[in-house]
1. Report every pair of residues separated by at least 6 positions or lying on different chains whose Cβ atoms are under 6 Å apart, first residue within the stretch 341-355 and closer than 27 Å to G110 by Cβ, second in a helix (DSSP H, G or I) and among the small types (G, A, S).
2. State the number of residues belonging to the stretch 44-93 that are farther than 30 Å from D124 by Cβ, among the small types (G, A, S) and buried (at least 20 other Cβ atoms within 10 Å of the Cβ).
3. Which pairs turn up if I take residues in the stretch 166-193 that are acidic (D, E) and look for partners that are open to solvent by 10 Å² or more (accessible area, probe 1.4 Å) with beta carbon separation below 6 Å, at least 6 apart in sequence or on another chain?
4. Restricting attention to the stretch 313-343, report how many residues are touching a Leu at 6+ places or on another chain (Cβ under 7 Å), surrounded by 20 or more Cβ atoms within 10 Å (Cβ to Cβ) and among the charged types (D, E, K, R).
5. Name the residues in the stretch 250-275 that are crowded, with 17+ Cβ neighbours inside 10 Å and in a helix (DSSP H, G or I), would you?
6. So which residues in the stretch 209-236 are assigned to a loop (DSSP other than H, G, I, E, B) and aliphatic (A, V, I, L, M)?
7. Please indicate, with yes or no, whether at least one residue in the stretch 68-76 is charged (D, E, K, R), touching a Phe, Trp or Tyr at 6+ places or on another chain (Cβ under 6 Å), part of a strand (DSSP E or B) and touching a residue at least 40 places away in the same chain (Cβ under 8 Å).
8. Could you check the stretch 213-239 and list, in sequence order, the residues that are under 27 Å from E262 (Cβ atoms), among the hydrophobic types (A, V, I, L, M, F, W, C) and out of contact with any Leu (no Cβ under 8 Å at 6 or more places or on another chain)?
Amino acid sequence: MAMQEPASHDLVRKPDTRPTNPRFSSGPCAKIPTFELTQLSDAPLGRSHRAAVGKAKLHAAIEETRDILGIPADYRIGIVPASDTGAVEMAMWSLLGERPATMVAWESFGAGWVTDVVKQLKIDAEVKTADYGEIVDMAAVDYDTDVVFTWNGTTSGVRMPSGEAIPADRGGLTICDATSAAFAQDLPWDKLDVTTFSWQKVLGGEAAHGMLILSPRAVERLESYTPAWPLPKIFRLTKGGKLIEGIFKGETINTPSMLAVEDYLVALDWARSVGGLDGLKARADANAQAIWDFCDANDWIANLAADPATRSNTSVCLKFTDARITDGAGFAKAVAKRLEAEGVALDVGAYRDAPAGLRIWCGGTVETADIKAMLPWLAWAYEATLAEQSEAA
């Protein structure tokens, strides 16, 4: 009896080198390279977060964030519930409605903020959108309205190239979701009145905690304007017309995880050890550049971002461009599944609402050597999946 010939996709040679850490998820993201559970042994577990030790840890998290990100001394920084989503919702529910708004979206999370403002809060808002891979013309926005936008589109891989379009003498507030930009990209604090992010992104922290950063202009709005709708306790930032200052000193609205706080403090220490913000940006840039170079060298894959000036250095989104691919979504899922089965790249499928393709996290906690070791596997998975598709045809 003749031996069965191996399938052609089985003949595609696998690379010899594997990434040491195959975790390229865009959230929660890879832990710091030096992470060990023993680093969290100083967490005040079983203690009240309102005890002196708990308040000290929370205050340290706020001030270390300020120092590394270069946040001005007169900006308030608060640790709030429900990750970046909670921070954005808190800002929108508390600040919007005093004047018309402009909602800007070029990916799914920005689109979610549009839904909340237009359909839930029913605010008079102009909506400006762009397709995945594109960006809204931020110079055409009316900044005498309150403007809500993402700095880096986590699900599209498209980021703001700079804050030059935002005028210094704007009449409205700028509310910026910067969750996949903070600690990897320059954020012009003088152009941002509200900025939010979560620990689980660029520093690979644990989930459920958000950061809310307010400019003096945002504080003035909070103390002079009361929304027409009732605010749940978890969103209340003022009492008697004055800012609740304790929130911005570590007296959180609800109970935080002191284990997660300790993890964030450890990550901040690591960030300082690699050169602070400049070091983190350089690491992310090197990671993203390795993928961009790979795309330049292979005509079957490309960056989803149409303009190189807007390409993200954290959430790098890719699309397959080979005309022989008959089912784009199925092909991309098969490639991601192959990479995961080999243990060389985990959680790299495109976001569910995004165009078919891959999304590879390149934030500073990822090692460039791991990106470079993963890319030949991506080529292998592409070739093997294409061969399998040809056999099935």
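1. If the second residue must be in a helix (DSSP H, G or I) and among the small types (G, A, S), the pairs left are V348/A336; G349/A336; D353/S108.
2. Filtering the stretch 44-93 down to residues farther than 30 Å from D124 by Cβ leaves 44-74, 77, 79.
Filter again for among the small types (G, A, S), leaving 46, 48, 51-52, 54, 56, 60-61, 70, 73.
Now drop any that are not buried (at least 20 other Cβ atoms within 10 Å of the Cβ), which leaves 54, 61.
Number of matching residues: 2.
3. Pairs found: D193/R217.
4. 1
5. Correct list: M258, A260, V261, E262, D263, Y264, L265, V266, A267, L268, W270, A271.
6. A228, L231
7. Restricting attention to the stretch 68-76, the residues satisfying the condition of being charged (D, E, K, R) are 74, 76.
Filter once more, keeping what is touching a Phe, Trp or Tyr at 6+ places or on another chain (Cβ under 6 Å): 76.
From the residues that got through so far, the ones that are part of a strand (DSSP E or B) too are 76.
Pick out the ones that are also touching a residue at least 40 places away in the same chain (Cβ under 8 Å) and you get 76.
Checked against the condition, which is being charged (D, E, K, R), touching a Phe, Trp or Tyr at 6+ places or on another chain (Cβ under 6 Å), part of a strand (DSSP E or B) and touching a residue at least 40 places away in the same chain (Cβ under 8 Å), the stretch 68-76 yields at least one hit.
8. Of everything in the stretch 213-239, those that are under 27 Å from E262 (Cβ atoms), among the hydrophobic types (A, V, I, L, M, F, W, C) and out of contact with any Leu (no Cβ under 8 Å at 6 or more places or on another chain) turn out to be I234, F235.
The values are calculated or read from the model by the stated rules, or taken from the named source; none is laboratory data. Treat the numbers as computed from the prediction; the structure is a model and nothing was measured. Positions of Cβ are backbone-derived with ideal geometry, glycine not excepted, and every protein chain shown enters the neighbour counts. Just so you know, the surface numbers come from the protein's heavy atoms only, side chains and all, with ligands and any DNA or RNA stripped out. Shrake-Rupley method; radii C 1.70, N 1.55, O 1.52, S 1.80 Å.
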